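Student: My questions all concern the structure below.
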Amino acid sequence: MNWGNRVIELREAKKWIQNGARRVDILKGISLTIPAGQFVAVVGASGSGKSTLLGLMAGLDTPSAGEIRLDGIPIHNLVESELAAVRGRKIGFVFQSYQLIPTLTALENVLLPYELNVEGNGLSKARQLLGEVGLQERMDHYPIQLSGGEQQRVALARAFVADPPIVMADEPTGNLDSTNGRLVLDLLLERNRRAGTTLVLVTHDADVAHEADRKIVLKDGLVVEDTLPGSPEPLLQSEEKNG
């Protein structure tokens, strides 16, 4: 198959959890394609499946059924060690709760993905990125010594350090005040525009979603709206089949 510029593709991706005899469906059949360089905002009410969808696309979780491909690589049937290798090469992930390692300095946190996934010495790259996010004076500080906004900027630098083609962020401004939230968003958008990084962002913020190239709305585990002009009809057919 010629993937062209398609970086992320899901085909009838489903996720459920089994609670005894009862099955709880979280995602009920998601089919979508995201091309390289696009900024996609995923929105919806709490419990609609946004974070679950992002976790599947990032290879942090595996679907119960369906197919997911990242840059042409089928990740839906990989074991964890293989998934980790793909994540390390393809994905930079930003969590709402930062997920920094408390025993490492800001510089060491940023450097870690480089050391795990890229050959060579990434120290100068990590220092450069911390400078770009305004933390050149905080490199040797530990997470507990940093504010929430500073921790999230460290997390951004960590997501960028291995130059992944895809950056995913799960409510990256959710724990921040408006000033820090705007700064974090601007850093993500700058990366998207300057480096051509594909950006997939889960958000509750209507203003953030308004800035995206494309808005995907989830409701009850289904795509109910996709605002990209010319988007294919199958994005909404899953609702009919599972409705």
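The values are calculated or read from the model by the stated rules, or taken from the named source; none is laboratory data. Since this is a predicted model, take the numbers as computed values, not measurements. Glycine also receives a Cβ, built like all others from the backbone with ideal geometry; neighbour counts cover every protein chain displayed.
Student: Given the conditions (1) within 30 Å of LEU123 (Cβ to Cβ); (2) in a strand (DSSP E or B), which single one is not true for VAL224?
Tutor: In the conditions (1) within 30 Å of LEU123 (Cβ to Cβ); (2) in a strand (DSSP E or B), VAL224 misses (1) alone.
Student: With the requirement that a residue be buried (at least 19 other Cβ atoms within 10 Å of the Cβ), in contact (Cβ under 8 Å) with a residue 40 or more places away in the chain and within 18 Å of ALA162 (Cα to Cα), what does the stretch 64-94 give you?
Tutor: Across the stretch 64-94, the qualifying residues are LEU70, LYS90, ILE91, GLY92, PHE93, VAL94.
Student: If you don't mind, there's one more thing I want to ask. Name the residue, out of LEU187, LEU218, that is surrounded by 15 or more Cβ atoms within 10 Å (Cβ to Cβ) and assigned to a helix (DSSP H, G or I).
Tutor: Result: LEU187 is the single residue among LEU187, LEU218 that is surrounded by 15 or more Cβ atoms within 10 Å (Cβ to Cβ) and assigned to a helix (DSSP H, G or I).
Student: Could you check the stretch 23-63 and list, in sequence order, the residues that are of a type in the set (Lys, Arg), out of contact with any helix residue (DSSP H, G or I) (no Cβ under 8 Å at 6 or more places or on another chain) and either touching a residue at least 24 places away in the same chain (Cβ under 8 Å) or farther than 17 Å from ASP220 by Cβ (or both)?
Tutor: If the condition is that a residue be of a type in the set (Lys, Arg), out of contact with any helix residue (DSSP H, G or I) (no Cβ under 8 Å at 6 or more places or on another chain) and either touching a residue at least 24 places away in the same chain (Cβ under 8 Å) or farther than 17 Å from ASP220 by Cβ (or both), then LYS50 is the only one that fits.
Student: Here is a follow-up. Taking the stretch 13-33 as the search range and keeping residues that are surrounded by fewer than 18 Cβ atoms within 10 Å (Cβ to Cβ) and assigned to a strand (DSSP E or B), which one is modelled with the lowest pLDDT?
Tutor: The extreme case among them is ASN19.
Student: Follow-up. Pairs please, first residue from the stretch 104-122 and without any contact (Cβ under 8 Å) to a residue 12 or more places away in the chain, second anywhere and crowded, with 18+ Cβ neighbours inside 10 Å, Cβ atoms under 8 Å, 6+ apart in sequence or on different chains.
Tutor: From residues that are without any contact (Cβ under 8 Å) to a residue 12 or more places away in the chain, the pairs are GLU115/GLY122.
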